[in-house]
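Colleague: One structure follows; several queries about it will come next.
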Amino acid sequence: MAVDLAIKNAKIYLPGGIVEAGLAVDDQRFFKIAKETNLPSASKTINAKGNIILPGVIDAHVHLRDQGLEYKEDFYTGTCAAASGGVTTVIDMPNNIPVTMSVEALRGRIKIAEEKSIVNVAFYSALPENPEEMYDIIKFGAKGFKIFLWKKIGGADPGDEEALLRYFQMAAKIRTPILIHAEDKFLFESKFEELKRRGRNDVRAFLEAHSIRSEVKAIRNVIELSRISGAQIHICHVSAGSSLDAISSAKRDGIKITCEATPHHLFLSSDEIDRCGFIALTVPPLRSKHDQRSLWIGVKSGVVDIIASDHAPHAISEKMRDSVWDVAPGFPGLETMLPLMLTQVNEGNISLRSLVRLMSERPAEIFRIQERGSIKEGCLADFIIVDMKEKWRIDPSSFHSKAKFSPFKDRIVRGRVVKTFVNGELVMDMNEIVGKPGGGKILS
């Protein structure tokens, strides 16, 4: 009896290194990895043309929008962007309309995603009105809870540390992570009001309001809450070297803490804002070249656990405002993240093994994405075929995302995803979406 799919003439990334072999897939799972002569017959055979097969990327920080924000992005366009960028699983953030912060809200979001998504989708929740609700939300399928410490999104007041401790204690009890947008509410608000009084509405005022000091203070506060409660915490989009210092120290002290870096904080500095203007505004903002270098040291030393895109699409009109305070922060990242990192592999700045660890294996471990993130017989067949040699120019007009702008516009990269497979099915072929809406799975 024939298996569903065979990939031939490939180089396959395995934990022990790259092997020249073929790959058989059956019933959505990796069936056999072997020399081509030892592969079973297949209903469909694909020639990989000597390219590398990697595990699909798991992006743990994605804003898929939809519902009240579908003019920015929806589950179909967002997951098409993911497939184009070699991302086979995304975890959706909760700052939506309505905010994902209850079983009811999560149920409504899942229903829409089931009908539209072409890659796998998992979900976070914001903290609910009552800590006791956290158990039911996790039982229903959420992968963790996100808190924005610089403003209230969800049911928890980020300025009330006694209340936060109760949420952290419940998270520890039900053994689920809390994800942190680390900017201190009081420091941000006081600086913001001062700048507004002075009539400042320029880019540098934005950087002053979203300061490194605010980020570090927030990180130190949640480290202490984790120390007291025993909760697992994950620091999103770390942007500064001093933030990594605090995280590294906490890891040495046995705190349950992980963190992520984004490509924009790794590849761009605040100097880019002069070139790109408001397009490059995000929170936390781009930092100095010194902070860039510190983040790369963190990536290479292992202090940074994962790379995540913080894909944050907006209408272009929301980026083109007269005042910096009216600009929507963020930009799309699903289609640029992996090519930027593959370029670093090609330039010898990071190993392919480290890339797979940062972008597939470790996200699966931290957020309990079962049977995905690696190429192993019996595991679910999420994988990509990558041409490591192809050089190309990033062109936002060709994005599958609704947001067709990027601070990486016209950057030359080397390494292109040529095919993306989700649950054993081809969903993207040479930047053409061939997967059907609803083909991705909802992960719980």
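Colleague: Could you list, in sequence order, the residues of segment 285-318 that are under 16 Å from the mean Cα position of the chain (by Cα) and on the phi > 0 side of the Ramachandran plot?
Modeller: Initial filter on segment 285-318 (under 16 Å from the mean Cα position of the chain (by Cα)): 299, 304-313.
The answer is D310, and nothing else.
Yes/no matrix, rows are residues, columns are (1) modelled with pLDDT under 95; (2) in contact with a Ser or Thr (Cβ under 8 Å, 6 or more places away or on another chain); (3) surrounded by 22 or more Cβ atoms within 10 Å (Cβ to Cβ):
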position	(1), (2), (3)
I174	no, no, no
K196	yes, no, no
R204	yes, no, no
E208	no, no, no
I219	no, yes, yes
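Colleague: Of the numbered conditions (1) more than 23 Å from the chain's Cα centre (by Cα); (2) of a type outside the set (V, I, T); (3) modelled with pLDDT of 95 or more; (4) surrounded by fewer than 19 Cβ atoms within 10 Å (Cβ to Cβ), S242 satisfies every one except a single condition; which is it?
Modeller: Of everything listed in (1) more than 23 Å from the chain's Cα centre (by Cα); (2) of a type outside the set (V, I, T); (3) modelled with pLDDT of 95 or more; (4) surrounded by fewer than 19 Cβ atoms within 10 Å (Cβ to Cβ), S242 misses just condition (1).
Colleague: Would you confirm whether any residue within segment 43-54 is without any contact (Cβ under 8 Å) to a residue 40 or more places away in the chain, farther than 30 Å from I147 by Cβ and buried (at least 20 other Cβ atoms within 10 Å of the Cβ)?
Modeller: No, every residue in segment 43-54 fails to be without any contact (Cβ under 8 Å) to a residue 40 or more places away in the chain, farther than 30 Å from I147 by Cβ and buried (at least 20 other Cβ atoms within 10 Å of the Cβ).
Colleague: When the residues of segment 26-58 are filtered to those that are under 24 Å from K11 (Cβ atoms) and acidic (D, E), which remaining residue is modelled with the lowest pLDDT? Reasoning before the result, please.
Modeller: Keep residues of segment 26-58 that are under 24 Å from K11 (Cβ atoms), which gives 26, 28-58.
Applying the additional criterion that residues be acidic (D, E) yields 26, 36.
Numbers: D26: 98, E36: 92.
This residue is E36.
Colleague: So which of L358, L352 ends up being assigned by TED's automatic domain parsing to the domain that holds D92, buried (at least 22 other Cβ atoms within 10 Å of the Cβ) and touching a residue at least 24 places away in the same chain (Cβ under 8 Å)? Let's see the steps before the verdict.
Modeller: Values: L352 fails: buried (at least 22 other Cβ atoms within 10 Å of the Cβ).
Every option except L358 fails the conditions.
Colleague: Looking at (1) under 30 Å from A261 (Cβ atoms); (2) in a strand (DSSP E or B); (3) more than 15 Å from the chain's Cα centre (by Cα), which is the only condition G22 fails?
Modeller: Here G22 meets the rest and fails (1).
Colleague: Got at least one residue in segment 332-346 being under 14 Å from the mean Cα position of the chain (by Cα), at pLDDT 95 or above and among the polar types (S, T, N, Q)?
Modeller: yes
Colleague: Keeping to segment 253-294, report how many residues are over 22 Å from R357 (Cα atoms) and either in contact with a strand residue (DSSP E or B) (Cβ under 7 Å, 6 or more places away or on another chain) or among the β-branched types (V, I, T) (or both). Walk me through it before giving the result.
Modeller: Quick first cut of segment 253-294, residues over 22 Å from R357 (Cα atoms) only: 253, 268-291.
Filter once more, keeping what is either in contact with a strand residue (DSSP E or B) (Cβ under 7 Å, 6 or more places away or on another chain) or among the β-branched types (V, I, T) (or both): 273, 279, 282-283.
Result for segment 253-294: 4.
Colleague: Please verify whether segment 204-219 includes one or more residues that are in contact (Cβ under 8 Å) with a residue 40 or more places away in the chain, within 25 Å of A308 (Cα to Cα), of a type in the set (S, T, Y) and in contact with a strand residue (DSSP E or B) (Cβ under 8 Å, 6 or more places away or on another chain).
Modeller: So in segment 204-219, the residues in contact (Cβ under 8 Å) with a residue 40 or more places away in the chain come out as 205-207, 210, 212, 214-215, 218.
Remaining after also requiring within 25 Å of A308 (Cα to Cα): 206-207, 210, 212, 214-215, 218.
When the remaining residues are screened for being of a type in the set (S, T, Y), the result is 214.
Those left that are additionally in contact with a strand residue (DSSP E or B) (Cβ under 8 Å, 6 or more places away or on another chain): none.
The answer is no, given that none of the residues of segment 204-219 is in contact (Cβ under 8 Å) with a residue 40 or more places away in the chain, within 25 Å of A308 (Cα to Cα), of a type in the set (S, T, Y) and in contact with a strand residue (DSSP E or B) (Cβ under 8 Å, 6 or more places away or on another chain).
Colleague: Let me ask something additional. Going residue by residue through segment 156-172, is there one that turns out to be in contact with an Asp or Glu (Cβ under 6 Å, 6 or more places away or on another chain) and buried (at least 22 other Cβ atoms within 10 Å of the Cβ)?
Modeller: no
Colleague: Can you confirm whether segment 110-127 contains a residue that is more than 16 Å from the chain's Cα centre (by Cα), closer than 27 Å to P284 by Cβ and surrounded by fewer than 21 Cβ atoms within 10 Å (Cβ to Cβ)? First the steps, then the outcome.
Modeller: At the first step, the residues of segment 110-127 found to be more than 16 Å from the chain's Cα centre (by Cα) are 110-118, 126-127.
Filter again for closer than 27 Å to P284 by Cβ, leaving 126-127.
If we keep only those that are surrounded by fewer than 21 Cβ atoms within 10 Å (Cβ to Cβ) as well, we get none.
Scanning segment 110-127 turns up no residue that is more than 16 Å from the chain's Cα centre (by Cα), closer than 27 Å to P284 by Cβ and surrounded by fewer than 21 Cβ atoms within 10 Å (Cβ to Cβ).
Colleague: How many residues does segment 96-122 contain that are within 30 Å of F383 (Cβ to Cβ), touching a residue at least 40 places away in the same chain (Cβ under 8 Å) and not β-branched (V, I, T)?
Modeller: Of the residues in segment 96-122, 8 are within 30 Å of F383 (Cβ to Cβ), touching a residue at least 40 places away in the same chain (Cβ under 8 Å) and not β-branched (V, I, T).
Colleague: Restricting to segment 143-170, and then to whatever is of a type in the set (F, W, Y) and free of Cβ contacts under 8 Å to residues at least 60 places away in the same chain, can you tell me which residue is nearest to D184 (Cα to Cα)? Quick ask: steps written out before the conclusion?
Modeller: Residues of segment 143-170 of a type in the set (F, W, Y): 145, 148, 150, 167-168.
When the remaining residues are screened for being free of Cβ contacts under 8 Å to residues at least 60 places away in the same chain, the result is 145, 148, 167.
Values: F145: 18, F148: 9, Y167: 18 Å.
Restricting to residues being of a type in the set (F, W, Y) and free of Cβ contacts under 8 Å to residues at least 60 places away in the same chain, the top hit is F148.
Colleague: While we're on this one: Select from segment 398-440 the residues that are of a type in the set (K, R) and in contact with a helix residue (DSSP H, G or I) (Cβ under 6 Å, 6 or more places away or on another chain) and write down the one among them that is surrounded by the most Cβ atoms within 10 Å (Cβ to Cβ).
Modeller: Looking only at segment 398-440, we keep the residues that are of a type in the set (K, R), and these are 402, 404, 409, 411, 414, 416, 419, 436.
Narrowing the set further to residues that are in contact with a helix residue (DSSP H, G or I) (Cβ under 6 Å, 6 or more places away or on another chain) leaves 402, 404, 409, 414.
On the way: K402: 21, K404: 15, K409: 15, R414: 17.
Among those that are of a type in the set (K, R) and in contact with a helix residue (DSSP H, G or I) (Cβ under 6 Å, 6 or more places away or on another chain), it is K402.
Colleague: For E129, work out the one condition from (1) part of a strand (DSSP E or B); (2) touching a Gly at 6+ places or on another chain (Cβ under 7 Å); (3) charged (D, E, K, R) it doesn't fulfil.
Modeller: (1)
Colleague: Please tell me if E183 is under 26 Å from V303 (Cα atoms), acidic (D, E) and under 21 Å from the mean Cα position of the chain (by Cα). It would help to see each step written out before you state the result.
Modeller: Numbers: under 26 Å from V303 (Cα atoms): yes; acidic (D, E): yes; under 21 Å from the mean Cα position of the chain (by Cα): yes.
Spelling it out, E183 is indeed under 26 Å from V303 (Cα atoms), acidic (D, E) and under 21 Å from the mean Cα position of the chain (by Cα).
Colleague: Separate question: For segment 197-206, check the following and say yes or no: at least one residue is of a type in the set (F, W, Y) and closer than 21 Å to S323 by Cβ.
Modeller: Within segment 197-206, one or more residues are of a type in the set (F, W, Y) and closer than 21 Å to S323 by Cβ.
Colleague: Looking at (1) assigned to a loop (DSSP other than H, G, I, E, B); (2) surrounded by fewer than 18 Cβ atoms within 10 Å (Cβ to Cβ); (3) at pLDDT 95 or above, which is the only condition S444 fails?
Modeller: It is condition (3) that S444 fails.
The values are calculated or read from the model by the stated rules, or taken from the named source; none is laboratory data. Only a predicted model underlies this, so the values are computations on that prediction, with no experimental measurement involved. With ideal geometry, Cβ positions are generated from the backbone for all residues, glycine too; neighbour counts draw on all protein chains shown.
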